[in-house]
Amino acid sequence: MTSLAPVTPDVTAGDADVAAGLPRERGGWWHDLVCPTHGTELSHAGIPGPVPPAGGVRCPHGCVVDTEPVRGAWLVLSHQAWARRARVLAHRAARTGDEATRTEAVALLVAYADVYSQVAGAGEHERAQDWMLRGRLFHQALTDAIWAVSIGHAVWALAEADPERADDLTPVLGMLDATAEAARAARGRLVADGKFTSNYTAWLNAAGRVCGRAAALVRGEGAAPAVADDEWLAGEHGQLAHVLAASTRGGWEWEASTYYHGFVVRAYLLSLRGTDPAALPAEARDRLVAMIEVLAGLATDGGVLPSVHDGPYSRPALALEWTELAALADGFVADAGLAAVAAHARSEAAAGDGDDEPADGLEDELRRTAWFAGPPLAVARAPRPAVSVDEEVGIAVLRGAGIHAVLDHGPHGAGHGHHDKLALALFGRSTPWQPDPGQVPYGHPAWRAHYASADAHPVVRVDDADPAEATGRLLARTERSLTVEVRGDATAWHDGARAVRHVVLGDGYLLDVAHARADRPRRLVLGLRPDVPLAVRLDGDVVRTTWRGAEALDGVHAARAAGPDGALPVRAVVLPGPGPADDPQRERAHVDWAAEGATSATWVSVYQADAQARDGGADVTRVELAAAEVRVHRADGAVDVHPLPAALTEETA
Ligand SMILES: [Zn+2]
Ligand SMILES: [Zn+2]
């Protein structure tokens, strides 16, 4: 560690403090900032700073970890935090004209250029893993690009606000040119490998465009080229082409990951600084509006974004990314619909360990900056339907009766997919009754495998094995219901098995009917996977569940199963299991509702939020599963009869 003593670079004496805080070695891979024992992200204490804490980085469960990968990961986050600080200072100086703030921002950037030439000048990082697209300052070129976007925007803000003194920033030109060149080379490798739609491309384009524009401003090269003449935006592999290639017609990022969806949208909006939204090519512009709307439509009324596929479940540093995205989106499209997301994210960021960079003012600066050259787009929006589906990614959202449900049924999602076929996530306004559990930092292979598994998700399982990757399909939809299916064969899901899920927004409740069928006797299981305290009680021929979060949810459940010799019991077994991925040590009551040796099973659940949240409707007292219908009994004596779709009753496996 002694070799890491800060070295004062050749800047004026008054700036030495700024320079002394900068890390003077390259970063690694941030996903390694995870406790090998507990699977929990390690502390951000000391960030931004020059070196990781002496002795190691703390785990919330008491470990102190001091390994090369953890140190490298800590350095990534420190470098990123320094770049972010430069950006906040630069935006603030540009807005206020405050001289001291400008001086600090310039000194930080100039010092960073010196660090960059010393530690990244030797070329690509030799310790990157084989699968990585190598970076210079970090293991991954992607990380270099994210860092460079912050640095580039800082320079852009300062040079644009005070062109007369842009010469002050001449020392950063080498760093900007090098990062733009590296971004172009990395993009070329992706394209050559047939991976243009990778989420990396969005950040490489953003880095190229932002650093290129910042350098031009420092050089006094005048007005930006028109969008059509800007290769990073309108080129064959530029941002506008990527927007269209990497998303569905409905606006979902193709991997159907909430995290990577936000990740690319943020990169797009960051790269479009200084453009007029109304003047962008219509198709890409409209798609970008749709991508923003996807987030608004996925979020609960309380602003929780369900973490579909890979991505953190809850993470203060990610919350800051959502607040940044919301600020940029509001500049792009009027009433972007992300106010609740931003408010929830602010509270989540503030609840971090306090050593991070919450409330550093970046969101505020972005909201006060004229990010785009024209006003936000005015878009006419239809009222949000109770049931919405993107059939290409197979993500459906159902809203009603105080319940926000996400039914995930489409393609696997490539490397960021989970074995979550037909998963039904359940939220209140802001209570994660049964969320998708998200993902741990990727540097923990065992927990990463768990959170991608079927066992971690509220799905139908067959013989407790993980299925093969599979694509489900939408069988039917109405204004208030959905029926989705996955069929197994030799290469997909479970050979010889199929499952169907039929979800209905009833009068004051949500009805969930899951059905599985197999060509030979197998263990068929439906999992319940809460992130709230869950009480389970057997009551005659039904099971009753009470989900106790900030908002309450009651469930009434019934099931039936059959094997070659007739009817079989279906037992709801409660067992302690790990909660979502933000802390695998948080224990939750899992329910495995299983039939052994079965060739068919049907599980019926009626979920009801409390009377105030669901806006009326008599209490559900009982649920009854008949041959071809479900009967929901109400406290006022009424019985709602729901016929089952043929897909849940037909005999074929
Ligand atoms: Zn630990
Ligand atoms: Zn998942």
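The values are calculated or read from the model by the stated rules, or taken from the named source; none is laboratory data. The shown structure was predicted, so the numbers you read here are calculated from the model rather than taken from an experiment. Virtual Cβ from ideal backbone geometry, glycine too; neighbours counted across all protein chains shown.
Details
- Scope the range 245-285; condition among the acidic types (Asp, Glu) and more than 12 Å from the chain's Cα centre (by Cα); matching residues: Asp276, Glu283
- Exclusive hit being of a type in the set (Asp, Glu) and surrounded by 24 or more Cβ atoms within 10 Å (Cβ to Cβ), set Asp466, Asp408: Asp408
- Selection status of Leu75, at pLDDT 95 or above, within 25 Å of the chain's Cα centre (by Cα) and crowded, with 24+ Cβ neighbours inside 10 Å: yes
- Within the range 474-493, the set of residues being in a strand (DSSP E or B) and among the β-branched types (Val, Ile, Thr) comprises Thr478, Thr483, Val484, Val486.
- Once the range 424-439 is narrowed to residues that are away from ligand 2 (no atom under 13 Å from the Cβ) and touching a helix residue (DSSP H, G or I) at 6+ places or on another chain (Cβ under 9 Å), the residue that is farthest from Val532 (Cα to Cα) is Arg429.
- The test for being surrounded by 23 or more Cβ atoms within 10 Å (Cβ to Cβ), acidic (Asp, Glu) and more than 16 Å from ligand 1 (Cβ to nearest atom) holds for Asp436.
- One residue stands out in the range 28-39 among those that are buried (at least 23 other Cβ atoms within 10 Å of the Cβ) and part of a loop (DSSP other than H, G, I, E, B): the one that is nearest to ligand 2 (Cβ to nearest atom), namely Gly39.
- Inter-residue pairs, beta-carbon under 9 Å, first among the basic types (Lys, Arg) and in the range 25-49, second assigned to a loop (DSSP other than H, G, I, E, B), 6+ apart: Arg26/Ala120; Arg26/His125; Arg26/Arg127; Arg26/Gly135; Arg26/Arg136; Arg26/Leu137; Arg26/Phe138; Arg26/His139
Here is a yes/no grid of residues against (1) more than 17 Å from the chain's Cα centre (by Cα); (2) assigned to a loop (DSSP other than H, G, I, E, B); (3) over 30 Å from Arg614 (Cβ atoms):
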| position | (1), (2), (3) |
| --- | --- |
| Ser307 | no, yes, no |
| Tyr313 | no, yes, no |
| Asp330 | yes, no, yes |
| Glu348 | no, no, no |
| Pro375 | yes, yes, yes |
| Pro383 | yes, yes, no |
| Val389 | yes, no, no |
| Val393 | no, yes, no |
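- Count of the range 412-423 residues which are away from ligand 2 (no atom under 12 Å from the Cβ) and either surrounded by 24 or more Cβ atoms within 10 Å (Cβ to Cβ) or closer than 15 Å to Pro578 by Cα (or both): 1
- Applying a threshold of 6 Å to beta carbon distances and a minimum spacing of six or more residues, or different chains, the list of pairs starting in the range 113-128 at a residue that is modelled with pLDDT of 85 or more and ending at one that is among the β-branched types (Val, Ile, Thr) reads Ala113/Val172.
- Of all residues in the range 436-456, those that are more than 17 Å from Trp493 (Cα to Cα) and part of a loop (DSSP other than H, G, I, E, B) have Cβ atoms under 6 Å from Cβ atoms of residues that are β-branched (Val, Ile, Thr) and within 12 Å of ligand 2 (Cβ to nearest atom), 6 or more apart or on another chain, in Asp436/Val308.
- Counting only residues that are within 22 Å of Pro36 (Cα to Cα) and buried (at least 24 other Cβ atoms within 10 Å of the Cβ), the range 453-463 holds 1 of them.
- Look at (1) within 16 Å of ligand 2 (Cβ to nearest atom); (2) buried (at least 20 other Cβ atoms within 10 Å of the Cβ); (3) not hydrophobic (A, V, I, L, M, F, W, C) and you find that Gly331 fails only one, number (1).
- Listing of strands (runs of 3 or more DSSP E) fully contained in the range 550-627 that carry 3 or more residues being closer than 28 Å to Asp301 by Cα: 552-563, 587-609
- Arg102 vs. criteria charged (D, E, K, R) and either surrounded by 22 or more Cβ atoms within 10 Å (Cβ to Cβ) or modelled with pLDDT of 95 or more (or both): yes
- Selection from the range 171-197 of residues that are in contact (Cβ under 8 Å) with a residue 12 or more places away in the chain and either under 21 Å from Arg266 (Cβ atoms) or within 24 Å of the chain's Cα centre (by Cα) (or both): Leu176, Thr179, Ala180, Ala182, Ala183, Arg184, Ala186, Arg187, Leu190, Phe196, Thr197
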